[in-house]
Amino acid sequence: MNTDLAGLGHLFVVFFLFHFSSSMVIPAIIDVTMEAVCPGRDECSVAIYLSGFQNAVTGLGAVVVTPIVGNLSDRYGRKALMTLPVTVAILPLFVLACNRSEVYFYVFYVATIVAGIFCQGTMHSLCFAYVSSSVRTQADHVRPRRRAAAFALLSGVSAAGFVSGTLTARFLAASSTFQVAAAVATATALYLRVFLPDSGGVSCTDGDQACDPLLQASSSSTSSSASSSDEELSPRLPPHKAGLPSLSDMFTFLTGSLAMSGAATITFFCSLGEHGLETALLYYLKAQFGYSKDEFADLLLIVGAAGMLSQLTVMPILAPILGEEILLIVGLLGGCTQVFLYGIAWSYWVPYLSAAFVILSAFVNPSIRTNVSKNVASNEQGIAQGCISGISSFGSILGPLIFTPLTAWALSETGPFNIKGFSILCAGICTVIAFIISLRMRGAQCSACKKSIVQQEQA
């Protein structure tokens with residue numbers, strides 16, 4: 001494990017600082033937004049709609065940008081393309097670091113949308129692709145059997161940055177929070193350019209297996225029946241990939257195997273439920289229990305600490321034993337429990353209990369990313385992870401469009417029933433659908449394995 005991860009130290013530092021700076025401002029955003037849009041009020045439909053519009057536009061842009069950036073990173077290297085989101089993320093933080101008046105808030109609002117288009121999903125997909133790319137060779141950076149643990153550690157570093165940023169915000173005034181966040185974001189960009197080794201572009205041809213250890217392993221250790229199964233699980237982009245792939249190319253890529261289509265479908269419903277929850281949760285807690293900046297920070301600390309514990313310790317231990325398919329099912333089950341507890345919270349402490357289930361739901365994203373990484377070639381890691389991030393961004397478009405009016409309606413005084421967590425319960429249904437799909441995928445994989453064993457015995 002230590003040998004596999006020897007070249008990733010600087011990547012972990014960049015990923016940590018990136019999330020440290022971005023998460024530091026999250027607890028203060030709601031109060032800043034309410035102060036600028038609806039001063040002196042605890043409920044404000046305008047603020048909810050502004051947040052929903054921002055998420056929808058950001059997601060729409062990310063759907064287009066993320067796969068393109070991932071494809072460009074396959075050709076020109078991960079470091080060059082990572083510079084884009086890390087640099088753009090500085091702009092909105094700098095705006096509110098200067099002033100938090102109403103005019104500056106709306107400038108910040110526009111800058112956040114622009115930055116989100118280039119940052120939402122892009123940084124994650126590039127870092128996951130970097131883990132699978134070599135700094136010095138065209139072999140995988142981390143061996144396939146260790147990828148689940150490596151991706152879990154990368155996600156754990158993200159959670160550590162989230163916890164550290166949120167904890168720092170807990171002890172800073174709102175004005176100082178944005179200044180410190182802007183300074184850390186600037187330091188992140190400088191550190192990336194100076195210290196992070198470049199993974200380099202990959203120039204393998206479509207039929208070059210020398211560049212593809214996944215294909216080498218499958219071709220040297222399987223029978224003819226197993227080889228056909230490997231082909232089904234290893235989609236390749238169409239051979240006419242001289243320039244950027246078209247939408248039809250990416251659709252073919254995502255639907256070319258059971259593993260990729262299943263990962264895309266689960267990612268969509270998870271993203272839809274997650275962004276539905278994000279759209280509603282903080283406004284719901286403020287209206288239902290009167291949460292403020294400090295309570296938000298406490299809740300986010302529990303979420304981040306649980307995710308960090310899960311991804312840095314629990315998942316690396318369980319992944320080699322259970323496999324990412326089982327961990328995905330367990331994670332989705334934990335996610336369902338978490339969301340429904342939020343929605344039916346009957347006291348101010350219930351959301352804190354619900355947040356503890358992140359220990360399980362944190363398994364979901366690394367498990368999906370591992371499945372994707374194992375089923376594509378080395379020279380397609382960027383476009384594959386970018387496509388999955390694009391699917392997630394598509395869910396982030398629909399989430400605000402669906403759940404913003406639903407949340408405003410559920411929290412309004414004119415609603416037909418007094419269930420303020422109604423929109424959160426609806427978001428939980430999306431997670432339940434993803435859970436059911438993961439069970440069906442697991443069943444299909446078990447059936448395929450049994451069929452392959454029978455064929456081998458008959459041969």
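Every number here is computed from the coordinates shown, using simple stated rules; none is lab data. Only a predicted model underlies this, so the values are computations on that prediction, with no experimental measurement involved. Virtual Cβ from ideal backbone geometry, glycine too; neighbours counted across all protein chains shown.
A simple rule links phi to the HN-Hα coupling: the Karplus curve 6.51 cos²θ - 1.76 cosθ + 1.60 with θ = phi - 60°, which for the stretch 79-93 gives 4, 4, 7, 5, 4, 4, x, 5, 6, 5, 5, 6, 4, x, 5 Hz, with x for Gly and Pro.
Over the stretch 350-432, the Kirkwood radius and the radius of gyration, each from Cα atoms, give a ratio Rg/Rh of 1.12. I need the Debye-formula profile for the stretch 314-456: one equal scatterer per C-alpha, no solvent, reported as log10 I(q)/I(0) at q = 0.14 1/Å, two decimals. Cα-only, vacuum Debye calculation for the stretch 314-456: -0.83. Comparing Ala56, Gly70, Cys44 along the charge dipole axis of the stretch 25-87, the residue lying farthest to the positive side is Gly70, per the Cβ-charge model. Normalised by 2.2 N^0.38 Å, where N counts its residues, the alpha-carbon radius of gyration of the stretch 254-354 equals 1.26. Once both labels are positioned 7 Å from their Cα atoms along Cα-to-Cβ, the gap between Ser175 and Cys98 label points is 1.7 nm. Using Cα positions and a limit of under 20 Å, work out the lysines in reach of Lys286, with same-chain residues fewer than 8 apart set aside. In chain and number order, the partners are Lys420.
Applied to the stretch 339-349, the Karplus parametrisation 6.51 cos²θ - 1.76 cosθ + 1.60 on θ = phi - 60° returns per-residue 3J(HN,Hα) values of 5, 5, 5, 4, x, 9, 3, 10, 8, 5, 8 Hz, with x for Gly and Pro.
Remark: the stretch 1-129 projects, on average over all directions, an area of 9.0 nm² (convex hull of Cα atoms). Each residue of the stretch 386-400 was assigned a 3J(HN,Hα) from its phi angle through the Karplus curve 6.51 cos²θ - 1.76 cosθ + 1.60 (θ = phi - 60°); the sequence is x, 5, 5, 5, x, 4, 4, 5, 5, x, 6, 6, 5, x, x Hz, with glycine and proline shown as x.
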